[in-house]
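Let me begin by presenting the structure, written as structure tokens, before commenting on it.
The values are calculated or read from the model by the stated rules, or taken from the named source; none is laboratory data. This structure is a prediction, so every number in the text was calculated from the model and none was measured. Glycine gets a Cβ as well: all are built from the backbone with ideal geometry, and neighbour counts include every protein chain shown. Surface areas here come from the heavy atoms of the whole protein model, side chains and all, with no ligands, DNA or RNA. Shrake-Rupley method; radii C 1.70, N 1.55, O 1.52, S 1.80 Å.
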Amino acid sequence: MPTSTILGTGMAVPDRIVTNDELSTMMDTSDEWIRTRTGIEQRHWVSPGETGASLALTASTRALDAAGVTPDDIDAIVYATSTPDHFAPGNGVYLQQQLVGRPIPALDVRAQCSGFIYGLSVADAWIRAGQYRRILLVGCEVQSTGMDISTAGRDTAVIFADGAGAVVLGASDRADRGVLGFDLHSDGSQAERLWVDAPGSMYHPRISQEMVAEGRHFLSMEGREVFRNAVVKMPESVNTLLAALQRSPADIALLLPHQANLRISEMVQKSLGLEPGQVYNNIQRYGNTTAATIPIALDECVRAGRLREGDLVVMTAFGSGFMWGSAALLWG
Ligand code: COA
């Protein structure tokens, strides 16, 4: 049975940088509050003309270049996003059209902050089954157009942001490299703690002026509950996965936690008994880009030369759904 290895990575963020000081001109907040509570110093937001599809295209092109493959080599697209350009279809088809051209399959995965890990599990399963040999996997998000950029929405507006990360996965015959396994979960009883209520097909019409006036189209979050669950579920998931693989946290060369909040990442690190050097954080520069945080972090680590052949890389995420989980792979 083939294993799947990461052949190349890429990322893209919008040109516009929004600093904490700029945010404090739009709402009652401060650089000090945002840094202390979240670790975030700046983030990127799209400008008119920039879309999820355009960010994904740039990130994907970079991943293909890094992998040394062309769009003709790609057999399928898996596209993780909770913020597609339109209600329907998903965004994978735009990448199919703009990057590949041939009518290859394109699957959108809606697992919010856990989207990249869920997407990786699907792509890995397709490769192991022998169905496809090279898959483009994207995590991409445009949150800024769905946030309440005012004091009423300050709890989310200072955290969430836009960006894209992509990897090319390829089938390999090496059993000592590539994706090792996953630990995946969900709990829909918590769905309304971090969600976008509307537009929704349960409403007639799906969105109305009244719903917009009530702000039901904005991302809404019970931050404390999310925090409380995230710091427990991510370490629990990593430990479950490592135990199944007969490994321990000490074996981790690099942990890529979903970039939700720097305090969450630090608590995950301590809970797993890891050294700061085993964990990568870049939320300071990008904020929380939902499904894009992990592939962006991975691309930065790869380009900085942080990974060596055979390194154990673990990814873990927690977010809206609630959905959470972890993935482990041996680099190379
Ligand atoms: N600037 C200034 N004050 C703010 C603020 C902001 N951007 N956002 C909220 N506040 C205020 C609140 O209104 C509240 O004021 P009050 O005490 O007068 O009511 C106060 O700060 C404390 O709010 P609280 O929500 O209790 O703060 P917190 O310490 O829990 O931190 C979060 C808030 C959002 C940073 C924190 O809950 C968090 O990080 N949660 C997880 C978020 C996350 O990871 N989401 C994505 C998961 S995928």
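Tabulated data for the structure shown
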quantity: Pairs with Cβ under 7 Å, 6+ apart, first in region 200-216 and closer than 15 Å to F87 by Cα, second open to solvent by 100 Å² or more (accessible area, probe 1.4 Å); calculated: G200/R206
quantity: Filter result for N281 (closer than 30 Å to M147 by Cα, touching a residue at least 60 places away in the same chain (Cβ under 8 Å) and surrounded by 24 or more Cβ atoms within 10 Å (Cβ to Cβ)); calculated: no
quantity: Every residue from region 23-57 that is more than 10 Å from the ligand (Cβ to nearest atom), β-branched (V, I, T) and surrounded by 16 or more Cβ atoms within 10 Å (Cβ to Cβ); calculated: V46, T51
quantity: Flag if S189 is modelled with pLDDT of 95 or more, closer than 22 Å to A111 by Cα, part of a helix (DSSP H, G or I) and away from the ligand (no atom under 16 Å from the Cβ); calculated: yes
quantity: Contacts under 6 angstrom Cβ, first residue in region 180-192 being open to solvent by less than 40 Å² (accessible area, probe 1.4 Å), partner in a helix (DSSP H, G or I), 6 or more apart; calculated: D183/S237; D183/T240; D183/L241
quantity: Residue list for region 151-179, restricted to those being within 16 Å of the ligand (Cβ to nearest atom), open to solvent by 10 Å² or more (accessible area, probe 1.4 Å) and more than 18 Å from the chain's Cα centre (by Cα); calculated: T151, A152, R154, D155
quantity: L272 in contact (Cβ under 8 Å) with a residue 24 or more places away in the chain, under 27 Å from R193 (Cβ atoms), of a type outside the set (D, E, K, R) and touching a helix residue (DSSP H, G or I) at 6+ places or on another chain (Cβ under 9 Å); calculated: yes
quantity: Qualifying residue in region 43-52 (condition: touching a Cys at 6+ places or on another chain (Cβ under 6 Å) and of a type outside the set (A, V, I, L, M, F, W, C)); calculated: yes
quantity: Checking S60 against (1) within 16 Å of the ligand (Cβ to nearest atom); (2) assigned to a helix (DSSP H, G or I); (3) touching a helix residue (DSSP H, G or I) at 6+ places or on another chain (Cβ under 8 Å), the condition it does not meet; calculated: (1)
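Yes/no matrix, rows are residues, columns are (1) open to solvent by less than 40 Å² (accessible area, probe 1.4 Å); (2) closer than 16 Å to A161 by Cβ; (3) without any contact (Cβ under 8 Å) to a residue 60 or more places away in the chain:
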position: C113; (1), (2), (3): yes, yes, no
position: I117; (1), (2), (3): yes, no, no
position: L120; (1), (2), (3): yes, no, no
position: Y132; (1), (2), (3): no, no, yes
position: C140; (1), (2), (3): yes, yes, no
position: Q143; (1), (2), (3): yes, yes, no
position: I149; (1), (2), (3): no, yes, no
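Per-residue answers, yes or no, for (1) in a helix (DSSP H, G or I); (2) assigned by TED's automatic domain parsing to the domain that holds L307; (3) open to solvent by 20 Å² or more (accessible area, probe 1.4 Å):
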{"site": "M211", "(1), (2), (3)": "yes, yes, no"}
{"site": "F218", "(1), (2), (3)": "no, yes, yes"}
{"site": "E225", "(1), (2), (3)": "yes, yes, yes"}
{"site": "V232", "(1), (2), (3)": "yes, yes, yes"}
{"site": "E236", "(1), (2), (3)": "yes, yes, yes"}
{"site": "L241", "(1), (2), (3)": "yes, yes, no"}
{"site": "L256", "(1), (2), (3)": "no, yes, no"}
{"site": "V268", "(1), (2), (3)": "yes, yes, no"}
{"site": "L274", "(1), (2), (3)": "no, yes, no"}
